[in-house]
Amino acid sequence: MTDSAVRTLLAEAVEALGGSTREGQIQMAEAVADALEDERHLVVQAGTGTGKSLAYLVPSLLHRNRVVIATATLALQHQLVERDLPRLMGTLEHRRELPTTYAVLKGRSNYACLHRIREGVPDDTGTLSMDVQIGGMAKKVLELREWAESASSAGEAGDKDSAPRHTEREWRQVSVSARDCLGAAKCPFGEECFAERAKEKAAKSHLVVTNHSLLAIDAIEGIPMIPEYDAVVIDEAHELVARVTQAATDELGAGDVDRAARRARRHVSEGQAADDLADASDELGLTLRETAVGRIDALPQDLLDALARVRDAARAALSAFPKQKDDGDGDAGAKQAKGMVQEVFDVAERMAAGAQSDVLWLSDGGDRGGFRLHVAPLQVWGQLRDKLLTEKTAVLTSATLKLGGDFSGIASTLGLKPSELETGDAPTERTETVLPWRALDVGSPFDYGRQGILYVAKHLPQPGRDGLSQQALNEIVELIDAADGRALGLFSSRRAAEQAADHVRAKLPHLTTLAQGEAQLAELAQQFVSDPHTVLFGTLTLWQGLDVPGDTCQLVIIDRIPFPRPDDPLMSARQRAADQAGGNGFMQVAATHAALLLAQGAGRLIRTTSDRGVVAVLDPRLATARYGSFLKASLPPMWPTTDPAVVRQALARLAGG
């Protein structure tokens, strides 16, 4: 694969799609091609508007072997599969030498299950139930079943995204988890299975689009989910650590153990084994109620004993299950019951082990879930390095990877060592212990210095724990009034978002003020886009998931620097571990976390070359604290000011056209 071949194909695709030449896109495409050819890892920051998906899809098509494209969000996955890839392949139909096949792979629960639809599933007592007599669910579940049968006959994907509109609870009536699946060999409908069809299509495709979690399960946990490949492009790479951590996190509560015992009771050869597991559930529940909520650095003896009893009772129950038949007849209930007990055993064993590589904590979900234990890996860079980066060539890309003006911080969390960064022309030899990587920032086509203002409200008091100060609320009203709406408020808590919404409604009743949680996010976003005299306030979901180009959004308000909560069990454990290793835990963990979210939040403002506006940060620490320079260096290079009068004048001019 030569640079000229990449340039030629990229130019051909861009022209056919009606696009324009972008130097950053060309630079990235050539760097991706070189990385794939030389088997060198690449970390590339590509700002909004670069056209990065085309910049990695074109060289991936030219690569000699299959390439996996992994995204963090369903939105980007949907964009690739429904828009970018079909359009790209359509423009290259005449290039018969190119392998233009592609497929999408999702977790098994994202596909409808024909076995569940046609034969029902056992409930907790082991009785088959069609589960459609639950109030208003009946009509929707029947609609989903009819859709699935139609999709099966038509050879369609049968996945969640293509189904009629539904809730999560409704979807669960027509799908199963990987644990509950009988497997194609045992299922009477294995040949028709949507998930198996997707795997078969992927095995015949040159490009396979999947998500971070499935990539982690395949590469790190060693469970084969993706057809053989030697290179992976990880888009939205700033999310990879969080998604891999999430995939490797387990939970356990007394209710989980009790449900497993009830499911097992009808299938085990000795009823006492299920009774013992139920008794262990009772003991665990009592112990959890007497344990302090929060991070558990050393297992108390009573909790260790309770977990050990659950583990041992689950092991005994597993041994009491009869050997499964080779055919699918009558296997569903036993398979699912045994899967539940196996999961209880695995999680209890992991928690009881108290490994230093894990973080354990207790939460109280109240009426929604009661007391639950959680266990997550202290870090994932080791697993990413050993199981993914050592075996494959990885291109890691995002609009936000260069934090504090440097790639090293985030690269370290992904398993790449700063000492292995190639900075000169002479390449470093790749071995099992040395993984050379390259870094590239292709910039952005936007002129941030002319298009955007970064305003830090230096005169405001430092944010506290008691919600927004009166001064901050007044500042929000003045900014929104100057902008005549057109504002997106990103808050660190739901409480702060609601507090701000109530205040703005009272002071500026002529504007429409929306708050996350009042309706579905898609409906709120649509209303926000349709009327410029609208304000939308929300929390973390809006920080990264909203794309609103144009005059609708000319003001982005961020209430405070989004540091993790001090009592966040996983983040606090990671920060402490960094300190103990001789590093600066605050900068490596808390400040890095805040920088990523700030960059994502600030990135909501400028989405096209014609966008103009202000990012207003109501936290004076961004201007006064020593770490402020690190955080600001992580943001798009907008024109900075701390003068509120200048900002209000700029917003008023924009609002006036």
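The values are calculated or read from the model by the stated rules, or taken from the named source; none is laboratory data. Predicted model only: the values in this text are computed from it and were never measured. Counting neighbours? That spans all protein chains shown, and the Cβs are built from the backbone with ideal geometry, glycine included. Accessible surface is based on the protein model in full, side chains and every heavy atom, while ligands, DNA and RNA are left aside. Shrake-Rupley method; radii C 1.70, N 1.55, O 1.52, S 1.80 Å.
Per-structure values
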| item | result |
| --- | --- |
| The range 134-145, subset of a type in the set (A, V, I, L, M, F, W, C) and in a helix (DSSP H, G or I), residue nearest to residue 195 (Cα to Cα) | 144 |
| Any hit, the range 481-496, residues being surrounded by 15 or more Cβ atoms within 10 Å (Cβ to Cβ), of a type in the set (Gly, Ala, Ser) and over 31 Å from the mean Cα position of the chain (by Cα) | yes |
| Among residues of the range 63-75, those that are open to solvent by 20 Å² or more (accessible area, probe 1.4 Å) and touching a Ser or Thr at 6+ places or on another chain (Cβ under 9 Å), counted | 1 |
| Within the range 146-265, helices (runs of 4 or more DSSP H) holding 1 or more residues that are closer than 30 Å to residue 594 by Cβ | 212-219, 240-247 |
| Those residues of the range 292-343 which are of a type in the set (S, T, N, Q) and either at pLDDT below 90 or open to solvent by less than 50 Å² (accessible area, probe 1.4 Å) (or both), in sequence order | 324, 336 |
| Single residue of 567, 551 found to be assigned to a loop (DSSP other than H, G, I, E, B), over 22 Å from residue 236 (Cβ atoms) and touching a Pro at 6+ places or on another chain (Cβ under 7 Å) | 551 |
| Meets criteria (touching a strand residue (DSSP E or B) at 6+ places or on another chain (Cβ under 6 Å), hydrophobic (A, V, I, L, M, F, W, C) and either touching a residue at least 40 places away in the same chain (Cβ under 8 Å) or open to solvent by 20 Å² or more (accessible area, probe 1.4 Å) (or both)) for residue 504 | no |
| Complete set of residues in the range 372-411 that are β-branched (Val, Ile, Thr) and not in a loop (DSSP other than H, G, I, E, B) | 375, 393, 395, 397, 410 |
| Total residues in the range 415-429, condition closer than 15 Å to residue 396 by Cα and part of a loop (DSSP other than H, G, I, E, B) | 3 |
| The range 1-49: number of residues that are buried (at least 24 other Cβ atoms within 10 Å of the Cβ), farther than 26 Å from residue 435 by Cβ and either touching a Pro at 6+ places or on another chain (Cβ under 7 Å) or free of Cβ contacts under 8 Å to residues at least 60 places away in the same chain (or both) | 1 |
| Near pairs, Cβ below 6 angstrom, 6+ apart or cross-chain, from the range 387-398 (of a type in the set (A, V, I, L, M, F, W, C)) to any residue that is open to solvent by 10 Å² or more (accessible area, probe 1.4 Å) | 388/219 |
| Residue 550 being modelled with pLDDT under 95 and crowded, with 21+ Cβ neighbours inside 10 Å | no |
| Qualifying residue in the range 611-621 (condition: in a helix (DSSP H, G or I), open to solvent by less than 10 Å² (accessible area, probe 1.4 Å) and not aromatic (Phe, Trp, Tyr)) | no |
| Residue match in the range 354-371 (condition: modelled with pLDDT under 95, among the basic types (Lys, Arg), more than 27 Å from residue 245 (Cα to Cα) and open to solvent by 70 Å² or more (accessible area, probe 1.4 Å)) | no |
| Among (1) within 18 Å of residue 560 (Cα to Cα); (2) open to solvent by 20 Å² or more (accessible area, probe 1.4 Å), the one test that residue 655 misses | (1) |
| Verdict on residue 247 being modelled with pLDDT of 90 or more, within 20 Å of the chain's Cα centre (by Cα), closer than 25 Å to residue 378 by Cα and of a type in the set (A, V, I, L, M) | yes |
